[in-house]
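Presented below is the structure to which this report refers.
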Amino acid sequence: MGVKNISADQYTSPTVFAQESENLFSLHWWLIGSDAELDQKGSYITAEIGGARIFVIRDEEGGINGFHNICRHRAGPIVVDNKGICSGKLLVCQYHGWSYDFAGRLVNAHDQTASCDKAQLGLTPVRVGVWNRMVFVCLSDCAPSLLQWLGPVADRVTRFLGAESFLYHDSIEKVASTNWKCYGDNACEGYHVGMVHKTLGQATENEKIDLYCEPDGKYVWFDVTYSNTLVDQSRSGKGLWIYKFPGLLIHCSEFGYNGECVMPVSAGSTNINRWFWINQNALSEAMVDKQDLLRSACQVIDEDIRICEQVFVNLSSGFAQSGPLSQVNEPGTIFFQQLVNDL
Ligand code: FES
Ligand SMILES: [Fe+2]
């Protein structure tokens, strides 16, 4: 008896999602943005991780601090926009106006300042790490450091990118009505590529893909060789794709790299955000428009989301039975599902 896909219930059950969530959100780091979005004092970005609303902000000394977006008075929100710049030197709660500095210290509690022990009422911190221009957060103090968590992934990406310099370009945000594991299953195999990504000439004859599963670092990587195609000039040369369990994808090519966060929201909803960095020299030399990179990536993501949403509807129908997984075509998916089982 070979390996079977995990059961439909594992994807669709809110109870399973709640059980997974504990370890998902406490043991792992989550990509939330680019450091270019934090280029000034007071600039901040927000994220929602397992129901926790957090923000990270560039402080007066140039450091980056992360906090729960929860006032210590009666849980009002501190910042309300998804990203922005805090004018002035204080973060002001939107409910009754308590104010905090960029290090999270309570500065003024309005009429209650005198009766407050301000030292005990700072914003609750969240761990922040920056690697390769990507900003990550982690909700738990027990998880390893960001670099330990990335493990061999960091070296592999750094080796591929070499000494080139990259500029932050743009980001895209998608909401997928599917379970995060449907997206993960899909991202860990190249078996679907010829069927799902026909439109960009990304058929299997145009890309040679070798896949490796790495228990050390819990990731799958693809060694990709693109055949130049007139349909999509942004895909040429060599590529490195990585799925780092549970929710980080990194795609590198001669034109730059991107980082993608697969953020589970509920059993049936997943946010997909991707940030792009470009190698402008390589793009100019090959006469590839940087917007083509985004267009191409968007189309591929939309195709993946569409198929994963349809799979999720079928899994939810009550009629889907677990089928066999192939050691030849789907070793990455088998590996991904083992990691899910070990969560
Ligand atoms: S909840 Fe923030 S000041 Fe009251
Ligand atoms: Fe795909």
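The values are calculated or read from the model by the stated rules, or taken from the named source; none is laboratory data. These numbers come from a predicted model, not from an experiment. Ideal geometry is used to build each Cβ from the backbone, glycine not excepted, and the neighbour counts take in all protein chains shown.
Structural remarks
- Within the range 25-37, restricting attention to residues that are surrounded by fewer than 22 Cβ atoms within 10 Å (Cβ to Cβ) and among the aliphatic types (A, V, I, L, M), the residue that is farthest from the chain's Cα centre (by Cα) is ALA36.
- For the residues ILE85, ILE64, ILE172, the requirement of being in contact (Cβ under 8 Å) with a residue 24 or more places away in the chain, within 16 Å of ligand 2 (Cβ to nearest atom), hydrophobic (A, V, I, L, M, F, W, C) and surrounded by 13 or more Cβ atoms within 10 Å (Cβ to Cβ) singles out ILE172.
- Residue within the range 178-186 that is free of Cβ contacts under 8 Å to residues at least 40 places away in the same chain and small (Gly, Ala, Ser) present: no
- Complete set of residues in the range 10-50 that are in a loop (DSSP other than H, G, I, E, B), out of contact with any helix residue (DSSP H, G or I) (no Cβ under 8 Å at 6 or more places or on another chain) and within 26 Å of VAL313 (Cβ to Cβ): SER13
- Yes/no for GLU285 being among the acidic types (Asp, Glu), more than 16 Å from ligand 1 (Cβ to nearest atom) and modelled with pLDDT of 90 or more: no
- In the range 266-299, the residues that are surrounded by fewer than 21 Cβ atoms within 10 Å (Cβ to Cβ), within 30 Å of VAL16 (Cβ to Cβ) and in contact with a Phe, Trp or Tyr (Cβ under 8 Å, 6 or more places away or on another chain): SER266, GLY268
- The residue that is farthest from the chain's Cα centre (by Cα), counting only those in the range 236-288 that are of a type in the set (Asp, Glu) and not in a strand (DSSP E or B), is GLU285.
- One residue from ARG72, ARG127, ARG58 being touching a residue at least 60 places away in the same chain (Cβ under 8 Å) and under 29 Å from the mean Cα position of the chain (by Cα): ARG127
- Condition check for GLU164: in contact (Cβ under 8 Å) with a residue 60 or more places away in the chain, closer than 27 Å to VAL16 by Cβ and more than 16 Å from the chain's Cα centre (by Cα): no
- Of all the criteria given as (1) near ligand 1 (Cβ under 10 Å from one of its atoms); (2) at pLDDT below 95; (3) of a type in the set (D, E, K, R), the one not satisfied by ASP117 is (1).
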